[in-house]
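> What follows is a single structure, and I will ask about it in a moment.
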Amino acid sequence: MDKTMELEIFRYRPEQDSEPTFQTYEVPFHTEWVILDAVNYIKDEIDGTLSYRWSCRMGVCGSCGMMVNGVPKLTCAAFLKDYTGKIRIEPLEGFPVERDLIFSMDDFIAKLKSVKPWIIRKEGEDKPLEEGEYLQTPRQLVEYQQYTMCINCMLCYAACPVYAHDNTFLGPAAIALGQRYNMDSRDQGRDQRQEAIASHEGIWQCTFVGECSAVCPKDVDPAGAIQRAKVASTIDYFKELLLPWGKKS
Amino acid sequence: MAKSNEPIPWSLFSAGGMLSAILLPILIVITGILVPFGFAPLESLGFDRVHAAVSGNLLVKLILFGFIFLSFFHWAHRFRFALVDMGLRKIKGLIGFACYGSALAGTVITAALLWRI
């Protein structure tokens, strides 16, 4: 082992620890290693009791998100060579920790479901399968394509100061995904999603800090999605207020 | 989840923010650079000239009123959320009342002053 690096890792084993502690591990340094490689090295070679989530190692599955020196990162995309000194690894902020770096995702999953992230057609407007797919122009695709890149890694929740203050907030990824379907020309379910999105707990809690977009590893720009949803919901609100007899869009 | 009335303060906030972002730099250039450094004559901002431009000119009054009152609401909304985010979550009702109340008071005073010019 030539050069080494120190990783200071958050540990919490509910059956033996009354509160979380930090444990420091020394790992070999390789310029091509990402933090996840170092954490895997610890698990395989030093301490098999360390628990964390990971899967694809290539920024697609969204399961290896951790706080690295206080910043939410996909550890499969954060290189050791970009850090100096001891690297501090903690579970993503704002979620209840279950064990070591593993936290409960229940709140996020429930919020994701509440925005109905799937294509909804109005009653009776579903095409039979034989008639083929719903066609879309490249321009219609571009409208929402950026938001489809979300991998549900939850880095945006860990970065969001509003969610940290008050976890009733629907949050960046769920709103961006709701917006992804709202802007899809094949979808007709916007009214159904508005119940969650246009509520107090939805877009109106957001104060446009923008950290969600800053940490997003897929350049989804949830902050932008939320601002667009605010404009659209405001137009809805005044339409309903001024033209109560008008048909709801 | 309850439907929110937030579009009302938010639309005033965003309109105020947009106007301030567009007009404030122009005001800064005129009042902070052009006139003080002598690029424009001092009299261009003289009381008589400015007063004559506003007095009896309903369109100018309306534009000034819109700009000033929207700026007040822009401040109110931002200040409300800044205080709440700094941890005063428990009294957010009171904060909202104080912020929008101040903006409303400022709006009434602005209207009264403009009316009298």
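Where a number appears in this text, it was derived from the coordinates with a stated rule and is not lab data. Model, not experiment: these values are computed from the prediction. Neighbour counts run over all protein chains shown; Cβ positions are idealised from the backbone, glycine included.
> I'd like the orientation of helix A:172-182 relative to chain A: the angle between its Cα long axis and the longest Cα principal axis, in ° from 0 to 90, rounded to 10.
The answer is roughly 30 degrees.
> Turning to a different aspect of this structure: For the stretch A:88-240, calculate the relative contact order in percent as a whole number, restricting contacts to Cα pairs under 8 Å that are 6 or more residues apart.
Numbers: 197 pairs, mean separation 40.5, N = 153.
Relative contact order of the stretch A:88-240: 26 percent.
> By the gyration tensor of its Cα atoms, with a ≥ b ≥ c the square roots of the eigenvalues, what is the shape of the stretch A:24-142: rounded for a/c under 1.5, prolate for a/b over b/c, or oblate? Mind dumping the intermediate values first?
On the way: a/c = 3.10, a/b = 2.22, b/c = 1.40.
Because a/c hits 1.5 or more and a/b exceeds b/c, the stretch A:24-142 counts as prolate.
> With +1 on the Cβ of every Lys and Arg and -1 on the Cβ of every Asp and Glu, and nothing else charged, how large is the dipole of chain A about its Cα centre, in debye rounded to the nearest 20? Don't jump to the answer; show the numbers that get you there.
Numbers: 28 positive and 37 negative charges, 172 e Å.
That gives a dipole near 820 debye.
> I need the P(r) histogram for the stretch A:13-75: all alpha carbon pairs, bin width 10 Å from 0 out to the longest distance, whole percents.
18, 49, 30, 3
> Still on this model: Report the FRET efficiency, 1/(1 + (r/R0)^6), for A:Met149 and A:Glu32, where r is their Cβ-Cβ distance and R0 is 25 Å, rounded to 0.05.
0.50
> Taking all pairs of different Cα atoms in the stretch A:106-242, averaging 1/r and flipping that mean, what Kirkwood radius in angstroms comes out? Spell out each step's value before the answer.
Values: mean 1/r = 0.0645 Å⁻¹.
Result for the stretch A:106-242, one decimal place: 15.5 Å.
> Using a ≥ b ≥ c from the Cα gyration tensor of the stretch B:17-77 (square roots of the eigenvalues), is it rounded, prolate or oblate, where a/c under 1.5 gives rounded and otherwise the larger of a/b and b/c decides, a/b for prolate?
Numbers: a/c = 3.10, a/b = 1.31, b/c = 2.37.
Note, shape of the stretch B:17-77 comes out oblate.
> So if we plug the beta-carbon distance of B:Thr31 and A:Leu242 into 1/(1 + (r/R0)^6) with R0 = 45 Å, what FRET efficiency do we get, rounded to 0.05? Write down the numbers at each step before the final one.
Working: r = 38 Å, r/R0 = 0.84.
Result of the calculation: an efficiency of 0.75.
> What are the lysines whose alpha-carbon lies under 17 Å from the alpha-carbon of A:Lys73, with same-chain residues fewer than 8 places away excluded?
By straight Cα distance, A:Lys73 reaches A:Lys81, A:Lys86, A:Lys218.
> In square nanometres, what is the average projected area of the Cα convex hull of the stretch B:11-116? Please list the in-between numbers first.
Values: hull surface 32.2 nm².
Averaged projected area of the stretch B:11-116's Cα convex hull equals 8.1 nm².
> Binning at 10 angstrom from zero up to the longest distance, how are the C-alpha pair distances of the stretch A:163-203 distributed in percent?
30, 51, 16, 3
> Once you place label points 7 Å from the Cα toward the Cβ at A:Asn69 and B:Asp48, how far apart are they in nm?
Inter-label distance under the simple model: 6.5 nm.
> Please compute one quarter of the surface area of the Cα convex hull for chain A and express it in square nanometres. Before the final figure, lay out each step's value.
On the way: hull surface 69.0 nm².
With the hull built on Cα positions only, its mean projection is 17.3 nm².
> Here is a further query. Take peptide A:224-237, look around each residue's Cβ out to 10 angstrom, count Cβ atoms belonging to other protein chains, and average those counts.
Values: counts 0, 0, 0, 1, 0, 0, 5, 4, 0, 5, 6, 2, 1, 8.
Mean partner-chain Cβ count within 10 Å for A:224-237: 2.
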